[in-house]
Structure formats: structure tokens, C-alpha cells
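Notes for the one structure printed next.
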Amino acid sequence: MSSKRIVIVTGGSQNIGLSIARRFQKSGATVICADLNPPQDNSLNFIATDVSNEASIMAMMDQVEMDFGHLDVLVNNAGICIETPIQDTTEQQWDRVMDINIKGTFLTTKHALRLMKNPAATAPAIVNISSIEGLGANPLHAVYAASKAAVAGFTRNTALEYGPYGIRCNAVAPGWINTPFNERLLAQYPDREAVDTEIEALHPAGRLGVPEDVANTVFWLASSEASFITGQEIICDGGRLAKLPLPKL
Ligand SMILES: NC(=O)c1ccc[n+]([C@@H]2O[C@H](COP(=O)([O-])OP(=O)(O)OC[C@H]3O[C@@H](n4cnc5c(N)ncnc54)[C@H](O)[C@@H]3O)[C@@H](O)[C@H]2O)c1
């Protein structure tokens, strides 16, 4: 597989997205971060994009087509979370989360497909970032959970519809990954040190995740080594979801 693949990472300017962008860049790929804000690392290409806005996505894809002609890999990573009880969640909050997490995944995929069907694209692959919260529940995350479960469903349908064009589509469902994304949840616990130890103990792998764990999984899924894998959601959570809770002995 050519190392000169053209890769778009939405939300690629920080944390998990940035780590994914760097993983592809390390392999020699040309990476475009499609984000609201630019990455601090200016060795990455940046196109200002709002994934909740179709016109913005179309403008970004036109730019990629003009600069590179085709697209080999799309990583739909941009996502947000809110912390609210269902009764207090406003229609605007619901729409905002859905607009970015699932509508953004849909619209970016929709407009990327044309560039990925270009004969110059090599073994094109889409990787969506879902979450273990689409598979199990955390308190106050109902909207986020619904959006991420929807990403998993959309992944399977993309694989089915575009498999005949040689395009694979999979999702990575990260568990607890140490980024500021989780800070709002952690801030609710009075004893921060105790909660860090307790969260670590939930993981059979014996540690919390780091952005590179997700980046390596995404990179592998987009590679020829995963050429027979499509329509799947790969859990990257240090075994957290596999562990059934029991009272302490
Ligand atoms: N951190 C975790 O523990 C964790 C766990 C499971 C899943 N995830 C998922 O991983 C992805 C990245 O998480 P993170 O921790 O790096 O989050 P983050 O908030 O640090 O980064 C998200 C990025 O998306 C960008 N973004 C937000 N709205 C956008 C929009 N409308 N258009 C374009 N870009 C936009 C932000 O600017 C930011 O660069 C998200 O989809 C998140 O749901 C994270």
C-alpha cells in the first residue's frame, strides 16, 4: 500500500484526533485536519471545517479534491459530550450533540465518498470514532450515548453500501482515554486521587487509555492488514467493558 495516502481526520487538532493525525503522518501519509481550530503542530495541513454544517464540509472536500485529487482515508473523530439529566436536557443541547457526533459523521462520509471512489484512491477506508458509551451507560450521558450508538449503526450501513466500491468502513469504540474530555465528569468527585485509582482498577489492562491507543487501532483498521474487516466496531478500552462488576471481597 502506498505510504503517500491522503487522509482526513475530523477534529484532528487536539488530543485523540491529533494523535491519529500524527500516526498517519509518521507512515508518510498526507494528513488534513478538518477542525474548527488549527492544530498547534503546523506540519499538519489544516482546513477550517465545521462538521455540523454541510456547506463547510463540501468546501473542505472541494479543497482536498483540488489539492490532492482523491481521498484514501477518512477518520470521523470530531465529537462533543454534554453532562445533563434527561429531564434538564434542552432540544438545542440534543441537536448540538447529534449535529456534531452523528450528522457530522453522516455528512462528512457523504461528501468523502465521491473522492474515495476516484480510481486514484488506494484501498479506501473510513474509520468512525464511536464510544463504549454507545454500548453501556454512564450517568448524565444519555444524548452522547444515543449519538455514539447511532455512529455504530451508520458504520455498518456504510460498509454494506460501499463495500462493492472497495471502500471499507469500521468504527473504533474507545473506553476511558486520558484527555480533558473527561475532566467535567472527574470534577464532580471530591477526592480526585481516590477516583483516579478507582477508575484505573476498572481496567483489566491495569491502566487508563492514552490517545495513542486509539490512534494505533485506527491506523491498523485503515491499513491493508485489516483488509477483510469491515462493518465492525472495535472496542479499545483496556478490557473495561469485558469486566463484570462484583462487590469488593
Ligand atoms: N476522551 C475519551 O475518553 C473518549 C472516549 C470515547 C470516545 N471519545 C471520542 O473521541 C473523539 C475525540 O475525543 P477527544 O477526547 O480527543 O475530544 P476533544 O474535545 O479533545 O477533541 C475534539 C476535537 O473535535 C473538534 N470539534 C468539535 N466540534 C467540531 C465541529 N463542529 N467541527 C469540527 N471539529 C469539531 C474540536 O475542536 C477538537 O479538536 C470524540 O468523538 C469523542 O466522543 C473520547
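Throughout, read-outs are computed from the coordinates displayed, never taken from laboratory work. Just so it is clear, the model here is predicted, and its values are computed rather than measured. Using ideal geometry, Cβ is built from the backbone for each residue, glycine included, and neighbour counts are taken over all protein chains shown.
Gly28: net charge of surrounding residues, Cβ under 11 Å, Lys/Arg +1, Asp/Glu -1, itself excluded?
+3
Rank the residues Ile177, Ile234, Ile129 as a footprinting-exposure proxy: fewest other Cβ atoms within 10 Å of their Cβ go first.
Ile234, Ile177, Ile129
Check cross-link reach from Lys26 to the lysines: straight Cα distance under 16 Å, and skip same-chain residues fewer than eight apart.
Result set, ordered by chain and number: Lys4.
Let me spell out the model: positive unit charges on the Cβ of Lys and Arg, negative unit charges on the Cβ of Asp and Glu, origin at the Cα centre of the chain. What dipole size does that give, in debye rounded to 20?
The calculation lands at about 720 debye.
Expressed in nm², what is the orientationally averaged projection area of the convex hull enclosing the Cα positions of the chain?
If you wrap the Cα atoms of the chain in a convex hull and average its projections, you get 14.1 nm².
Choose one of Met116, Phe46, Pro174: the residue whose Cα lies farthest towards the positive end of the charge dipole of the chain (beta-carbon charges +1 Lys, Arg; -1 Asp, Glu; about the Cα centre).
Checked the options; the winner is Met116.
Normalising by the residue count of the chain, find the relative contact order in percent from Cα pairs under 8 Å and 6+ residues apart.
RCO, the chain: 19 percent.
Could you tell me the distance between the Cα centroids of segment 166-230 and segment 116-137, to the nearest Å?
With segment 166-230 and segment 116-137 each reduced to a Cα centre, they are spaced 16 Å.
Under 15 Å from the Cβ of Leu208, count the other residues' Cβ atoms, weight Lys and Arg +1, Asp and Glu -1, and hand me the total.
Neighbourhood net charge equals -4.
Write down the Å³ per residue value for the convex hull defined by the alpha carbon atoms of segment 1-103.
104 Å³
Nearest 500 deg cm²/dmol is fine: what mean residue ellipticity at 222 nm does the chain get from its DSSP H runs of n ≥ 4 alone, each adding -39,500 (n - 2.57), divided by its residue count?
Helices in the chain give a 222 nm mean residue ellipticity of -11500 deg cm²/dmol.
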